[in-house]
Amino acid sequence: MTDGELPIEPIPSYQFRPLQVEDVPAVYAIDKALEPFPWTEDIFYGCLRVGYPAVVMVDPTNTVIIGFALISFVGAQCDILNIAIRREQQRRGLGKKLLEHVLQMAVAGGAHSALLEVRESNAVAIHLYERYGFKQTACRKNYYEDPTGSENALIYTLDLT
């Protein structure tokens, strides 16, 4: 390295592990910071209780939860129930890494397709899903609660075969 050159810092290696009961308050905090009507902690606990596959993305020290995802299987379809990255960590490619991990879980679980719902106003998430190959297949009118009334849910699917 010569004078004036900055050292290249490696991108941290984020890891995945199963969502655990003790992670629920942190996961809930992420959801609450992102959503006008977040899931309740009881919903997260209920998903764990019934055995929905769930994962957290953690920082290299395994001390900070960066993101999370919960899925369910209906036949050969994987439903992505909730997926999120901390707001301050967004736009760094981490959502794509989390989505890829979730889709690997789906394929390993025997899914032939993936389905998700997204708020019509969530342009960042829609951009990610469309870049990854998801196609909009339907719209659920007035599906999400919104501070001003309700908002449409766009349904996206991805063929995993």
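Residues that are under 22 Å from LEU154 (Cα atoms), out of contact with any Phe, Trp or Tyr (no Cβ under 8 Å at 6 or more places or on another chain) and part of a helix (DSSP H, G or I): does the stretch 65-87 have at least one?
Checking the stretch 65-87: at least one residue is under 22 Å from LEU154 (Cα atoms), out of contact with any Phe, Trp or Tyr (no Cβ under 8 Å at 6 or more places or on another chain) and part of a helix (DSSP H, G or I).
Residues that are modelled with pLDDT of 90 or more and closer than 22 Å to TYR52 by Cα: does the stretch 137-145 have at least one?
No.
Is there a residue in the stretch 54-61 that is closer than 17 Å to PRO36 by Cβ, modelled with pLDDT under 95 and not in a strand (DSSP E or B)?
no
Here's a check for you: in the stretch 60-69, which residue that is touching a residue at least 40 places away in the same chain (Cβ under 8 Å) and β-branched (Val, Ile, Thr) is farthest from ARG17 (Cα to Cα)?
Result: ILE66.
Residues checked against (1) of a type outside the set (A, V, I, L, M); (2) surrounded by 15 or more Cβ atoms within 10 Å (Cβ to Cβ); (3) at pLDDT 95 or above:
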site	(1), (2), (3)
ARG86	yes, yes, no
GLN89	yes, yes, no
LEU94	no, yes, no
LEU115	no, yes, yes
HIS127	yes, no, no
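Looking at the structure I just gave you, is LEU154 out of contact with any Leu (no Cβ under 7 Å at 6 or more places or on another chain), outside any helix (DSSP H, G or I) and crowded, with 18+ Cβ neighbours inside 10 Å?
Spelling it out, LEU154 is indeed out of contact with any Leu (no Cβ under 7 Å at 6 or more places or on another chain), outside any helix (DSSP H, G or I) and crowded, with 18+ Cβ neighbours inside 10 Å.
Inspect the stretch 20-33 for any residue being at pLDDT 95 or above, surrounded by 14 or more Cβ atoms within 10 Å (Cβ to Cβ) and aromatic (Phe, Trp, Tyr) and give the result as yes or no.
Within the stretch 20-33, one or more residues are at pLDDT 95 or above, surrounded by 14 or more Cβ atoms within 10 Å (Cβ to Cβ) and aromatic (Phe, Trp, Tyr).
Spot the failing condition for ALA111; the list is (1) of a type in the set (Gly, Ala, Ser); (2) more than 25 Å from PHE134 (Cβ to Cβ); (3) assigned to a loop (DSSP other than H, G, I, E, B); (4) modelled with pLDDT of 95 or more, and only one is missed.
(2)
Quick one: in the stretch 132-151, which of the residues that are in contact (Cβ under 8 Å) with a residue 12 or more places away in the chain and basic (Lys, Arg) is surrounded by the fewest Cβ atoms within 10 Å (Cβ to Cβ)?
Among residues in the stretch 132-151 that are in contact (Cβ under 8 Å) with a residue 12 or more places away in the chain and basic (Lys, Arg), the one surrounded by the fewest Cβ atoms within 10 Å (Cβ to Cβ) is LYS135.
Of all residues in the stretch 37-59, which are more than 14 Å from VAL21 (Cα to Cα), surrounded by 13 or more Cβ atoms within 10 Å (Cβ to Cβ) and either among the β-branched types (Val, Ile, Thr) or touching a strand residue (DSSP E or B) at 6+ places or on another chain (Cβ under 8 Å) (or both)?
Across the stretch 37-59, the qualifying residues are TRP39, MET57, VAL58, ASP59.
The values are calculated or read from the model by the stated rules, or taken from the named source; none is laboratory data. In this text, all values refer to a predicted model and were calculated from it rather than measured experimentally. Backbone-built Cβ (ideal geometry, glycine too); neighbour counts: all protein chains shown.
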